[in-house]
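Remarks on the structure that follows.
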Amino acid sequence: MLSSEAVSLSGSAVSTVALPALAVLQLRASTTEVAVLAFLGQLPNAFALWAGALSDRHPKRPQLIASDLAAAGALVTIPASALAGALTVGQLCAVAVVLGAARVVHDAAAISLLPALVHPDQLHDANAKIGAASSVADSAGTNAGAALVSAVGPARSVLADALSFLVSAILIWRMRVPETATASRARTGLVRDIADGVRYVARQPTIRTVIAALSTLSFGLAVMNTYWAYYLLVPA
């Protein structure tokens, strides 16, 4: 699980650099197109509550594998289209949506699966290790992405991300984790499950504060990420 998260996040960090570079440098995207690309990449996050509820209703490992394979398949279309001279900003936007949706499903399933992997007394330590590995992988992947874009171009560099998702899917497939049945939960409504989760968070001061802080930070980063690529990559 730890290796899967680190590998997939490293690859995603490469695409974080490669996709905007591809839009601006190769496709000559406008400021509006770059903003739309960034917006669509973040849009699936709006459905995170639904992804969390669904992850509780179905086995987690198939969700993790399916999301990794979907992301890898979407990414492979970029160098293929670039080689054929048919790559467009619209295709980049579609890929960004698939990547965002895959990440939302993956994250929800991974968080739900972790308690089945370790003893309750080890859960805090396991979360800390995954968080540390994710931070290192994100930083290393961003640096690797910049180097790959410079060395082989943005279109080819996304293959590294596709490969990372395939490796992640293989690692998850090799795991043997007993998952508890979810039949009783499946009989309740999806909206009711979401509402129960929201009410639980609202009643927990610590969790409520952490989520509010993370939401504020994510909003600010999303605003910044909308235009940073355009103004960093386009000559003055």
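Observations
- Taking each DSSP H run with n ≥ 4 as -39500 (n - 2.57) and averaging over every residue of the chain yields -28000 deg cm²/dmol at 222 nm.
- About the centre of its Cα atoms, the chain shows a dipole size close to 400 debye [charges on the beta carbon of Lys, Arg (+1) and Asp, Glu (-1) only; nearest 20 debye].
- Sequence ranges 211-224, 84-97, ranked by mean other-Cβ count within 10 angstrom, highest first: 84-97, 211-224
- Per residue accessible area in Å² of the chain, where ligands, DNA and RNA are left out and the probe is 1.4 Å: 55 Å²
- Pairwise label distance in nanometres, residue 207 with residue 191, each label 7 Å out on the Cα-Cβ vector: 2.2 nm
- Here, the stretch 16-71 yields an orientationally averaged convex hull projection of 4.8 nm² when only Cα atoms define the hull.
- Solvent accessible area, Å² - residue 200, 1.4 Å probe, full protein context: 110 Å²
- Positive-end residue, the chain charge dipole about Cα centroid, Cβ charges, pick of 200, 75, 213: 200
- Across the stretch 66-186, Cα-Cα pairs farther apart than 26 Å form 32% of the total.
- If you look at the Cα atoms of the stretch 1-109, you get an Rg and a Dmax of 14.6, 44 Å.
- The residue list 16, 47, 222 was ranked by how far each Cα lies along the charge dipole of the chain toward its positive end, using unit charges on Cβ atoms, and 47 comes out on top.
- Overall, the ratio between the Cα radius of gyration of the stretch 105-164 and 2.2 N^0.38 Å, rounded to two decimals, is 1.50.
- Taken along its principal axes, the alpha carbon cloud of the chain reaches lengths of 55, 36, 32 Å, longest axis first.
- Extended-chain gain in nm, criterion 0.36 nm per residue less alpha-carbon gap, residue 57 and residue 140: 26.4 nm
- Ligands, DNA and RNA left out, the accessible area of the chain computed with a 1.4 Å probe is 67% carbon and sulfur.
- Sorting 15, 134 on solvent-accessible area from highest to lowest, probe radius 1.4 Å, gives 134, 15.
- The packing ranking of peptides 19-25, 189-195, highest mean first, is 19-25, 189-195, where packing means the average number of other beta carbon atoms within 10 angstrom of each residue.
- Of all complete DSSP H helices in the chain, those with a Cα span along the helix axis of 27 Å or greater and a mean Kyte-Doolittle hydropathy of 0.0 or more are 2-21, 60-84, 89-117, 123-152, 154-174, 205-233.
The values are calculated or read from the model by the stated rules, or taken from the named source; none is laboratory data. Source: prediction; values computed, not measured. Cβ atoms come from the backbone with ideal geometry, glycine included; neighbour counts cover every protein chain shown. With ligands, DNA and RNA removed, areas are computed over all heavy atoms of the protein, side chains included. Shrake-Rupley method; radii C 1.70, N 1.55, O 1.52, S 1.80 Å.
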